[in-house]
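Everything on this sheet refers to the single structure shown next.
The values are calculated or read from the model by the stated rules, or taken from the named source; none is laboratory data. All values reported here derive from a predicted model rather than from experimental measurement. Note: ideal-geometry Cβ built from the backbone for every residue, glycine included; neighbour counts use all protein chains shown.
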Amino acid sequence: MRVLVAADGSRDAAEAVEWLAHFPLPADSDIEVLSAIPRPIFNESVLRTSWTELRKQTEAVVEDARARLAKRWPATTARIVEGDARPALVDAAIASAADLIVLGARGLGGVASILLGSVSLSVARHAPCSVLVCRSGARPVRTVTIGVDGGSDSEMSVEVFRELPLSDSIVARVVGVVEPLRYPATAPAFVTASLKAAIKDLEDERRREMATAVSAAVERLRWRVGRVISATPVGSPAEVLVRDAEEHEADLIVVGARGLGPVERVLLGSVSESVLRHAGCPVLIARRRG
């Protein structure tokens, strides 16, 4: 497995390195630490930190990260590129045919939201492969919440996860959220009863479809982890997945890059992005390299 790890000197990036040190990856994984710095300018006096000093500090950061990961993967390498970190990470992943990008939830750049940095969000949206966005203290992965919805991208969440070298102590929670349907309040009274019945039929059909998707996911995971638990709650998918992870103290949430919803952010679906913004633990956005 080819893994690209972002390092920028921030606390979140350092935690991402620690998370990766605990994460279930193959022993022969090819790990590269990457950091991006601004291109040099002629007059360094206008900078708060000179480019030369910035380069020196960044070299120390990537070397520290490389040395930490080399304890598990001795062949780990590190390099520095010039330019904006957002396209630099994506371009590097494309050039190296990476299978996974690992980065912290927030870096040293501008903040896109309270819980998610602009670099992390941009990379998750545009990456050509899976992305692991890390937050909170690093620890072994023991409990995982996996979101499925019956679409091909949610199936990818199961496939990418089950291909990892998983421990038989892991508890996998397969969660398929059924979104409630609503009928318009302006509907004439004489059609309300029939409309409610039609909506109930659609919801029942959706529950059956979701139950089938969840059952299939459970079967695919049954022999890869210690225990598989399934659930088909009703509600808003992103909110339910985040809440499930919180209530069961999950160490990881796994979602497909896109779901069945109509809104997409380039390569990232609205549900996946919402989970990424609000989760209290690392989120693996599962995407087949391509």
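The single residue among Arg265, Arg288, Arg258, Arg220 that is at pLDDT 90 or above, closer than 30 Å to Ala16 by Cβ and of a type outside the set (A, V, I, L, M) turns out to be Arg220.
Just to be sure I understand, how many residues within the range 234-257 are under 17 Å from Thr143 (Cβ atoms) and either touching a residue at least 12 places away in the same chain (Cβ under 8 Å) or assigned by TED's automatic domain parsing to the domain that holds Trp19 (or both)? Count: 14.
For the range 206-249, a tally of residues being of a type outside the set (S, T, N, Q) and assigned to a helix (DSSP H, G or I) returns 25.
Identify, please: which residue in the range 20-38 is hydrophobic (A, V, I, L, M, F, W, C) and either over 20 Å from the mean Cα position of the chain (by Cα) or not in a strand (DSSP E or B) (or both) and is, among those, surrounded by the fewest Cβ atoms within 10 Å (Cβ to Cβ)? So, considering only residues that are hydrophobic (A, V, I, L, M, F, W, C) and either over 20 Å from the mean Cα position of the chain (by Cα) or not in a strand (DSSP E or B) (or both), the one surrounded by the fewest Cβ atoms within 10 Å (Cβ to Cβ) is Ala27.
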